[in-house]
Amino acid sequence: MRSLSKAAAFSAILVLGATAAMAQTGATVTTTVLTYAPAPTGKLRLIKTGHAVDFVRAPGPAFVEAIEIFASRYGSAQAPKRDYHIYVLHSSGQVLADVAFPASTIERGEPKWYRIATPPIEVTERFGVVAYFRSDENEGVFVGFSMLPNAAHSFQGLPYRKFTPVDGKYEWAIRVELTPRPSVAQGVKLLANFQPVDIERALERRMTVAYDTGRPAGFVDCGVEGPIMRFDLSDVTPDGFSDGNVYLESLDIYANRYGSMSAAANSVRFEVLIYDQGGNKLDHGSFEYRPLGLSPKWTRFNYAKPVNLRYGTGAIDVAIVPMTKPTQGIHFHYTPAGEKAHSKIGLYDRQVKDTPGREWMIRATFKFQDQ
């Protein structure tokens, strides 16, 4: 179930009506505020997922102009340097708008109402609002709620994934400001211009990990040994991903081959072994030298069948065995390493050594596929 609810319609509580001046014309427009939690009595955080509310408005044109959230931030005194997100959803569950705002907007302390202005977003009669704060055990946001005996409109989840009802009889303290026409002429998001996305593609997200600086500082002829890179999946796991499959799709290597041109013609291959952080082998494959040039360049090596890493692996080691011979081999290039190095050299099941101050120019692309 990727929409917020299967119920046909609900009636949101009309909290207040107001009038606001329209800047261009001097005319006024009535603002209607909808919520299911008129008097917040508690607060709750959601780890790695969003606070979602399924709204139904009155018939006729309507535009979201702002979202109000009763909230407080927890964690360090200085807000993290990242954005929080509010997603406004079509009745189909697809995203009409993604409104980002600085984490510093929400303050620590007692919860209070915060107003997040949006561009005018035309919405269907039934629509959803999802507030996502990327909360974890250390940093995040508490959202207020009201205890109600017939609560049925509040969920947890993220767009294009499964929404599940919250535990308990309560509704999130989230308000929506609606107007019958846009209050400004610029940036209006009309339903007529809405383009649905392929949900299956939306559930697939690709992330590339690169620890190098992109500026080569030298190269190494590893001989019979080879470069080893550790990729930490926590560095690339997309926001909201918690249950699905993770695949290694490709490797990008900045390198050049050396030796006889026949090395390419004869389809000489190098081996690539994938291990989890416990040393268990996940895959053993090989690629041709053929795409490598005699001059250094980035070359992508795609897996015909992506390697299933089993989510929860934590980190993987990519060990390359260049299969060097007197007549051919590979020069692997490196950049200066940062504070935390991810590179080693050696034969994985025999001897592995550090490469002080060096980071291999090897990158990996992962596909995260939600269930």
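Every number here is computed from the coordinates shown, using simple stated rules; none is lab data. What you are looking at is a predicted structure, and each value in this text was computed from that prediction instead of being measured. Cβ atoms come from the backbone with ideal geometry, glycine included; neighbour counts cover every protein chain shown.
Summary of values
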{"item": "J(HN,Hα) series, segment 147-163, from Karplus relation 6.51 cos²θ - 1.76 cosθ + 1.60, nearest Hz, glycine and proline x", "result": "7, 9, x, 10, 4, 8, 10, 10, 9, 10, x, 9, x, 6, 10, 6, 9"}
{"item": "Longest exposed-site-free window of the chain, the sites being GluC sites (Glu not before Pro) in a DSSP loop that have at most 15 other C-beta atoms within 10 Å", "result": "138-338"}
{"item": "Proxy reagent accessibility, fewest Cβ within 10 Å first, across Val224, Val95", "result": "Val224, Val95"}
{"item": "Separation of the Val197 and Phe101 label points, Cα + 7 Å toward Cβ, nm", "result": "2.2"}
{"item": "Potential lengthening between Thr208 and Asp83 on full extension [0.36 nm per residue; Cα-Cα distance subtracted]", "result": "42.9 nm"}
{"item": "Residue of Pro80, Pro119, Pro238 that the Gaussian network model of the chain assigns the largest fluctuation, springs spanning Cα pairs under 10 Å", "result": "Pro80"}
{"item": "Ranking of Met323, Met361 by count of other Cβ atoms within 10 Å, fewest first", "result": "Met323, Met361"}
{"item": "Over segment 13-200, volume per residue of the alpha carbon convex hull, in Å³", "result": "129"}
{"item": "Potential lengthening between Ala117 and Glu139 on full extension [0.36 nm per residue; Cα-Cα distance subtracted]", "result": "5.6 nm"}
{"item": "Note, ³J(HN,Hα) from phi for segment 225-234, Karplus 6.51, -1.76, 1.60, rounded to Hz, x at Gly and Pro", "result": "7, x, x, 10, 10, 9, 10, 8, 5, 5"}
{"item": "Residue among Leu148, Leu190, Ser104 farthest towards the positive dipole end of segment 13-200, charges placed on Cβ", "result": "Ser104"}
{"item": "Stretchable slack from Lys353 to Arg215, in nm (0.36 nm times residue separation minus alpha-carbon distance)", "result": "47.4 nm"}
